[in-house]
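The values are calculated or read from the model by the stated rules, or taken from the named source; none is laboratory data. Note that this is a predicted model, so its numbers are computed, not measured. Using ideal geometry, Cβ is built from the backbone for each residue, glycine included, and neighbour counts are taken over all protein chains shown. Only protein heavy atoms, including side chains, enter the accessible area calculation; ligands, DNA and RNA are left aside. Shrake-Rupley method; radii C 1.70, N 1.55, O 1.52, S 1.80 Å.
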Amino acid sequence: MNGVTPDPSDPIRDGDALSRLKLAQALKRATYAIAWERAWPHLARLLTVVGLFLVVSWAGLWLAVPFVARAIGLVVFAGIAIAALFPLVRFRWPSREEALSRLDHGSGIRHRPATTLTDTLTSRDPVAQALWQAQRERTLASIKRIRAGLPHPRIALHDPWALRALVMVMLVATFFAAGDERAMRLGAAFDWNGVLAPANIRVDAWVTPPLYTGRPPVILSAANKEAAALPTSGPLAVPAGSTLIVRSSGGNLDVVTSGGLKEVAPTEATPKGTNEKHFAITGDGTAHVRAPSGQPQWAFTATPDRAPTIALVKDPERQARGALQLSYKIEDDYGVTGADAQIGLRPANAKDGNKDGSKDAARPLFQPPQFPLVLPNARTRNGVGQTVKDLSEDPYAGADVTLTLAAKDEAGNEARSEPFNMRLPERLFTNSLARALIEQRRILALDANKNSDVYAALDALMIAPELFTPDAGCYLGLRSLALQLEAARTDDALRDVVASMWAFAVTIEDDGVAGSVNAALRSAQDALKRALERGASEDEIRVLTQKLREAMAGKVRDLARRAEQNPLGPRQPFPAEVQLILDKAVELRQKTQNATPEQLEELAQQQDALRLQLQAYRKSANSRAKGGDEGANQFTRDRKCGS
């Protein structure tokens, strides 16, 4: 043997080529194992330092310390990491002899089998060669037992306190605790804003309540050095829907929120040179400005906007002309912006419509009336309002209905009053035929399926016209209504019938002339009322007031004409009751010349009262005239359509 070590990777020319290949592979594994045992203790120290840095970062320590402390902490960790890597400077890659020695020790066989296989024989002596061949065969037979073994870096010798395990446990805990903020918390360690280049950074924060609350903004902080924490009494109470605005005059702005605070897009452009973030406060929560540092944590309690309340102060009242007067009380924490009255058929009344056994549900031709209510002021927080609405011409007038008041505030909260069952006010008709037409009109309007019943009623009113409707105009009017109803095939056509029945009943009641007078008066009153509600100009109010005066003057002339129709005869003196009505009508006419718009409404009600008095007197006089008085008989013949 000459002691020369051959290269196992050389071409194999003898019969033990496979054994040489296995030996070369085992030699590589031994080399890597030795290298790992030498390098891993130093790498483990480095990884422990890195893990500790991640633990500190994910725990949020950098967010709670100023920029200077962040820079110092990062330098400290960098120094520890360099110190942990410094021993690697002396690292040596394992030699071939060290790898062979590891294989010899790992095989458990004496006489260094791995090293023996790498030896060569230089002697030409046949006996020596025979002995050499026998020895190699015995070594090759045991080559399968050669192992490099697993690395044993012996970390316990370098870390007897097992600090690496503690760091691993904390690393897992902070990983889950940081959640989605892992990257942001880690990046905070490298945020040294104001350290390398000092800057004058100012942070302002304030809460802006919704406009409808009428509350001023709440200032939370001023400059960094004057940042004010919240009172020790607890979280700051703000209206739900408020907006938290945080503005920084320089540097990065980092705000973390929790609970009911959500970031929203700014509604206005951010001032130049500033960073600004907006957060909607929809529930209880907190906000903390983490960068720039030095800001306190703010806690908020969101006060929800309560729903308004609305209720009737007293039962609805009927006015002189059949209008409906509602008095109601409204309350809300920030103010009601709108209210309306909703009317629907009473459920019991709807059931009555099917008592005749009809399987068809009621089919109204018109929607129940709904109208806005007058608010005591623009944003009513607590007040009593009053609304007068003339529904005497509505098809639902005289029907049993359920009244519900609804109120709504700026935030969209709605409230309803308790349902109130009532009979909707209607115009009072003294003429029996007019009353019958109005009743049939209401039946048809509330249920189009009863058109046949209404037709039968109209047909019954035309029985014996020479006795009940001797006036040709009344009979022809009833006949025209019946034919129009018989030809109606659609809901629109039936609605036209309803309108015709109302017009004919009013013509009968007012003797034809007064109908247009009353219509003109009501139209003028409604126009002036709408103008006053919307705040029209003085010129428009003046024109509408003049039109109302003219309409009231026509009403006074009509009252005088009716009073002059003396049921006692044209040559008899006026009775005292009629003379009082005439005097009062003249007095009202004089008052309308200089009355204000508010006074004109009261005068119109007085005129309606005079009309009712005149109708009552004429009806009583008509009853007294049945004894045979010729003048009274003439008055009775003038009232040909009904009684």
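Couple of notes before you dig in:
- As a calculated quantity, the FRET efficiency between Ser452 and Ala472 at R0 = 25 Å, using C-beta atoms, amounts to about 0.40.
- Each Lys or Arg adds one and each Asp or Glu subtracts one; over the other residues with Cβ under 11 Å from the Cβ of Leu458, this totals -1.
- Taking a Cβ cut-off of under 13 Å around Thr270, the surrounding Lys, Arg, Asp and Glu residues balance to a net charge of 0, with basic ones at +1 and acidic ones at -1.
- Long-range HN-HN contacts of Ala291 with modeled amide H, under 5 Å: Asp254
- The range 309-448 - percent of accessible surface contributed by carbon and sulfur, probe 1.4 Å: 46 percent
- Using the Cβ-Cβ distance between Ala173 and Arg381 with R0 set to 41 Å, the FRET efficiency works out to roughly 0.20.
- Scanning residues 5 or more positions from Asp409 or on other chains, those with amide H under 5 Å from its amide H are Thr337, with H placed 1.01 Å from N in the peptide plane.
- Each Lys or Arg adds one and each Asp or Glu takes one away; over the other residues whose Cβ falls under 12 Å from the Cβ of Val543, this sums to -1.
- For Ser95 and Ala265, the difference between the fully extended length at 0.36 nm per residue and the C-alpha to C-alpha distance is 54.6 nm.
- Averaging the Cα positions of each part gives two centres, and for the range 357-424 and the range 242-304 these lie 45 Å apart.
- Gain in span if fully extended, Asp496 to Val543, counting 0.36 nm per residue against the direct Cα distance: 13.6 nm
- Modelled spin-label separation between Ala460 and Gln370, with each label point placed 7 Å from Cα along the Cα-to-Cβ direction: 3.6 nm.
- Over 24 Å (Cα to Cα) - which of Lys329/Lys389; Lys262/Lys408; Lys389/Lys450; Lys329/Lys547; Lys277/Lys408; Lys314/Lys450 fall in this group: Lys262/Lys408; Lys389/Lys450; Lys329/Lys547; Lys277/Lys408; Lys314/Lys450
- Spin-label model distance (nm) - Ala527 vs Val76, 7 Å beyond Cα toward Cβ: 8.8 nm
- Diffusion constant of the range 268-343 at 4 °C, which comes from Stokes-Einstein with the Kirkwood Cα-pair radius and 1.567 mPa s, µm²/s: 72 µm²/s
- Couplings 3J(HN,Hα) of the range 80-93, computed from phi: 5, 5, 5, 5, 5, 8, 4, x, 5, 4, 8, 5, 10, 6 Hz, in residue order, whole Hz [Karplus 6.51 cos²θ - 1.76 cosθ + 1.60, θ = phi - 60°; x for Gly and Pro].
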